[in-house]
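Peer 1: Here it is, the structure, as structure tokens.
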Amino acid sequence: MGVPLFDTSTPLEGLRGEIREAIDRVLDSERYILGPEVSAFEQEFSSYCGVSHAVGVANGTDAITIALRAMGVGPGDEVIVPSFTFYASAEAIPATGATPVFCDVDAETYCVTADTVRAALTPRTRAVLVVHLFGNLAPVAEIEALGVPVIEDAAQAAGSRSEAGRAGALGTVATFSFFPSKNLGCFGDGGMITTGDAEIAENCRTLRFHGSRDKVTYEQVGYNSRLDELQAAILRVQLPHLDVWADGRRRAGAHYADAGLGEIAGLPKAAGSSSPAWHLYVVRHPQVERLESALSAAGIGHKAYYRTPVHRQPPMRAWAQGAELPVTDHLAATHLAIPMSPVLSREQVDEVLAAARAAG
Ligand SMILES: *Cc1c(COP(=O)(O)O)cnc(C)c1O
């Protein structure tokens, strides 16, 4: 049969009518930029996360740059960031004038820890950008206890929660991406910044519109970075279903463990009290090429997302001098994403298992 790596269309099947109506509503309104849909979605998303402010922006990468600048990060500052992540987490930092400083991650949660962050702290550290990688939640409170503000890159963690709250409500500020394949995806690019700090929120609103509050006077060099009305309307239809989809992802992860995948490969471990809505289900295998070919032979989707970690990408080398990140290098060489979606069935999990067993 085969199992795809992810499935973004099945969860939307029953929502197509509502989505069409939402699109028509925007066409009828003739408001396409910063209108009622974006305001309503900002309200709905902030209350979902449990924070007081949300600011829609054009994508998850801009969200990080704008959030950092709104926190006051700029030239001369250092921002600690993991290297085992999507390139954009780090790329968004030099765009503020600040310097990325790479830190290592935990071998089983794939997230930064207070210890890996502490090893990268200097007197110039202005913020720590934690990545809630694959939907797992980095230990924000433990890192804040080191005395530095935390920004959450929650691009992969919509729907994840912990005892302390949801992704997006744990740090000083948080950023999301609504890229189509994320846990909450739109039909193009989109992003969001959440924060409990009214001043940071106001700064983000100004920065997303060319550094202007009134559209005639300009206070800062900003960006043209807005969430579209159309995308906001589409996201409003989906948000009420996010928790059900997140539960489907959790259930699929539990099926993998119950079915015995841990005998074949290293499984991702939920960090602390977190209940991850697995965005990707990423395992580790000492001879990962064997796992890759066994899965390919059975038509099972798989992908190594970060074979070359960010600190070894050429544009980052200048900032990665002397960075020793042994866990990152090991994970880069051994990780593999296997099928995960809100609708991954037990039968599909069994099919993945049967194929993986062939790798030994
Ligand atoms: C997707 C992603 C981003 C960037 O989001 P875009 O909307 O594609 O700009 C940033 N960080 C992480 C961890 C991501 O997965």
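Peer 1: When residues of region 1-16 are filtered for being free of Cβ contacts under 8 Å to residues at least 40 places away in the same chain and over 12 Å from Gln238 (Cα atoms), how many remain?
Peer 2: Number of matching residues: 1.
Peer 1: Just name the residue that is farthest from the ligand (Cβ to nearest atom) out of those in region 160-188 that are open to solvent by 10 Å² or more (accessible area, probe 1.4 Å) and aliphatic (A, V, I, L, M).
Peer 2: Ranking the qualifying residues of region 160-188, first place goes to Ala164.
Peer 1: Tell me the residue from Arg251, Arg317, Arg307, Arg312 that is among the basic types (Lys, Arg) and either touching a Cys at 6+ places or on another chain (Cβ under 8 Å) or more than 26 Å from Ala90 (Cβ to Cβ) (or both), please.
Peer 2: Arg251
Peer 1: Could you list, in sequence order, all residues of region 3-26 that are open to solvent by 40 Å² or more (accessible area, probe 1.4 Å) and touching a Leu at 6+ places or on another chain (Cβ under 7 Å)?
Peer 2: Residue satisfying the conditions is Ile23 alone.
Peer 1: Which one of Val131, Val150 is in contact with a Gly (Cβ under 9 Å, 6 or more places away or on another chain) and within 16 Å of the ligand (Cβ to nearest atom)?
Peer 2: That would be Val150, the only listed residue that is in contact with a Gly (Cβ under 9 Å, 6 or more places away or on another chain) and within 16 Å of the ligand (Cβ to nearest atom).
Peer 1: So, one more: Evaluate the following for Thr109: is it under 22 Å from Leu137 (Cβ atoms), within 16 Å of the ligand (Cβ to nearest atom), in contact (Cβ under 8 Å) with a residue 60 or more places away in the chain and open to solvent by 20 Å² or more (accessible area, probe 1.4 Å)?
Peer 2: no
Peer 1: Of the residues Leu261, Leu267, Leu235, which single one is in the same structural domain as Ile23 (by TED's automatic domain parsing) and either away from the ligand (no atom under 16 Å from the Cβ) or in contact (Cβ under 8 Å) with a residue 60 or more places away in the chain (or both)?
Peer 2: Leu235
Peer 1: Look through Ala323, Ala318, Ala332 and report the one residue that is within 30 Å of Val101 (Cα to Cα), outside any helix (DSSP H, G or I) and in the same structural domain as His285 (by TED's automatic domain parsing).
Peer 2: Every option except Ala323 fails the conditions.
The values are calculated or read from the model by the stated rules, or taken from the named source; none is laboratory data. For clarity, every value in this text was computed on a predicted model and none was experimentally measured. Quick reminder, even Gly has a Cβ in these numbers, built from the backbone with ideal geometry, and neighbours come from all protein chains shown. Just so you know, the surface numbers come from the protein's heavy atoms only, side chains and all, with ligands and any DNA or RNA stripped out. Shrake-Rupley method; radii C 1.70, N 1.55, O 1.52, S 1.80 Å.
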